[in-house]
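The values are calculated or read from the model by the stated rules, or taken from the named source; none is laboratory data. Just so it is clear, the model here is predicted, and its values are computed rather than measured. Ideal geometry is used to build each Cβ from the backbone, glycine not excepted, and the neighbour counts take in all protein chains shown. Protein only, heavy atoms only, side chains kept; ligands, DNA and RNA dropped before computing areas. Shrake-Rupley method; radii C 1.70, N 1.55, O 1.52, S 1.80 Å.
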Amino acid sequence: MAMRLTPDQQAMLDGAKGETLAKVMKTLVMYGEAFGAEEMIPVTAEKGHLVTSFGLSMMKPVYDLMDQLIEGGAVNGQKFSVDPRPLDPAVPVNLLQKLVFKFMYSKQSDYEAQLRQLGLVENDAFTCTCYLPQVGNEPKQGEILSWAESSAVVYANSVLGARCNRNSGILELFGSIAGCVPKFGLLTDEGRMASWVVEVKTSRRPEAQILGSAIGMKVMEDVPYIRGLDQWLGGQLDDAAKAYLKDMGAASASNGAVGLYHVEGITPEACQQGRALVRPDAKVYVIDDAELERVRAGYPCIWKDPNAKPKLCFVGCPHLSLEQLNQWTDDLCAALEQAGRKTVAVPTVFTAAPAVAKAFEQTPAAGRLKGTGVVLSSICPLMYMNNPLCGKMPVATSSNKLRTYSSARYYTDAEMLRIMVKGEC
Ligand code: F3S
């Protein structure tokens, strides 16, 4: 079915704003038609967010496209933040790994120059947690977004109540440029209803990363309505609950394809509409301690030597919140003191948005963390692991997303602490 367009949208499609913008609009229309959208709706959030943050040497078509957009005047759309950078000299690498990085991301500075011309909000706006208050790209409930980063989309939809589909890279930029997106899926009331009820019946607070993984693998791209989790989140959407939901959501979005979840008594739409959000024919998935153990036991270990001692620890994928950075620092310092150590036994990297790291640097905890030898970086751990020489190392992580997309091995937060302090789990 052909989409209904407003006169302005039709004019853009017909070339009133130039050939380049006409192609941008045509792509969005084709995207919408493929998903049965009947109309375009305005992008109402103040800022966009792009997923493609890395200047991989082989992405020539992307750079050519960016040049065309810039030359065609497609620079008056939304300002945007971008996913984390792939490189940080502070993160440990050996000489060979460094050489490979140099080749892999040889286009990084050229690409960043293109991003600045297209509307990068500021030089350091590279993080997947753009919605954190220190970063300042925090959409409001009901606002329409054109984002693609899966962990940010699921957070914006679920925790903030904004509306965004799981778009692809580049298409999300086109939505920001044109100022409109096709209306389907999670942008509609119907698409935000839950077709699963997840009953959390655990004897203790579930590990966010495993709970999200279990939900993602069961419901895939459907919307779950989660019951019984509010008791483990203190019954309110405070900073600790938001950090928990950030990690749970990222795991559900990467281990499955969840773009929105509701948590009874916690997330905004669940608080406002309650069980009216659940479809009458919704299926039920019960998660207890045994189910979480079953899910965890199913994670393959693809290290060459499964008994190897970890050579590097990554914490913060998605990037850590300020509250999480403080908590990790307290927990690590206490664990080191108990073990009679001053510094970590395994090179360890905590990652956070540049603006969050800056805020953290102003606190006394920053000096304590530095004293442990931990590197605080704003790198994307996955981009690091994409270096084939890094992918061969036994890397430990508390991120289920990183486990899914790389050879890194997943450990719970408590296990990660033990590895950092003792060198093994
Ligand atoms: Fe963020 Fe990179 Fe992980 S974008 S969620 S740190 S894979």
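Computed from backbone phi, the HN-Hα couplings of segment 54-71 come to 10, x, 5, 4, 8, 8, 3, x, 5, 5, 5, 4, 4, 4, 4, 5, 5, 5 Hz, rounded to whole numbers (Karplus: 6.51 cos²θ - 1.76 cosθ + 1.60, θ = phi - 60°; Gly and Pro given as x).
Determine, for each peptide in 266-276, 391-401, the mean count of other beta carbons within 10 angstrom over its residues, then list the peptides with the highest first.
Details: 266-276: 17.0, 391-401: 22.9.
Descending mean neighbour count gives 391-401, 266-276.
Amide H contacts of Glu38: Lys183, each under 5 Å away and 5 or more positions distant or on a separate chain (H built 1.01 Å from N in the peptide plane; Pro and chain starts excluded).
Indicate the gyration tensor shape class of segment 284-334 (rounded, prolate or oblate), computed on the Cα atoms with a ≥ b ≥ c the square roots of the eigenvalues: a/c under 1.5 is rounded; otherwise a/b larger than b/c is prolate and the rest oblate. Verdict is oblate for segment 284-334.
With an 8 Å cut-off on Cα pairs and a minimum separation of 6 or more residues, tell me the relative contact order of segment 276-419 in percent.
Details: 185 pairs, mean separation 43.0, N = 144.
For segment 276-419, the relative contact order is 30 percent.
Once backbone amide H atoms are built at 1.01 Å from N, Leu50 has Ser81, Val82, Asp83 as its partners under 5 Å, excluding neighbours fewer than 5 places away on the same chain. Centre-to-centre, using Cα atoms only, segment 400-425 and segment 273-309 are separated by 18 Å. The residues of segment 21-146 have, on average, 48 Å² of accessible surface per residue, using a 1.4 Å probe with all protein chains present. For the options Asn307, Asn165, Asn326, a Gaussian network treatment of the chain with springs between C-alpha atoms closer than 10 Å singles out Asn307 as fluctuating the most.
Reported value for the chain: 138 Å³ per residue, from the convex hull of its C-alpha atoms.
Normalised by the number of residues in the chain, the mean separation of alpha-carbon contacts (under 8 Å, six or more apart) gives a relative contact order of 17 percent. Kirkwood analysis of segment 351-425, using all unique Cα-Cα pairs, places the hydrodynamic radius at 13.7 Å.
What segment 309-425 shows is 39 Å² of accessible area per residue, with the surface traced by a 1.4 Å probe over protein heavy atoms.
Accessible surface of the chain, 1.4 Å probe: 53 percent of it comes from carbon and sulfur atoms.
The 3J(HN,Hα) values that the Karplus relation (6.51, -1.76, 1.60; θ = phi - 60°) gives for segment 139-146 are, in residue order, x, 9, 4, x, 6, 9, 10, 10 Hz. Gly and Pro appear as x.
Between helix 208-219 and the chain there is an angle of about 50 degrees, using the helix long axis and the longest principal axis of the Cα atoms. Each part reduced to its alpha carbon centroid, segment 191-261 and segment 92-137 end up 30 Å apart.
Note on the chain: with a GNM built from Cα contacts shorter than 10 Å, the maximum mean-square fluctuation among Asn157, Asn94, Asn137 falls on Asn94. Amide H contacts of Cys180 (H built 1.01 Å from N, in plane; Pro and chain starts excluded): Val43 sit under 5 Å, all sequence-distant by 5 or more or on other chains.
Converting phi to 3J(HN,Hα) with the Karplus coefficients 6.51, -1.76 and 1.60 and the offset θ = phi - 60°, segment 231-236 yields 5, 8, 10, x, x, 8 Hz in sequence order, with x at every glycine or proline. Segment 13-31 to segment 346-390: how many Å between their Cα centroids? Taking the Cα centre of segment 346-390 as reference, the centre of segment 13-31 is 41 Å away.
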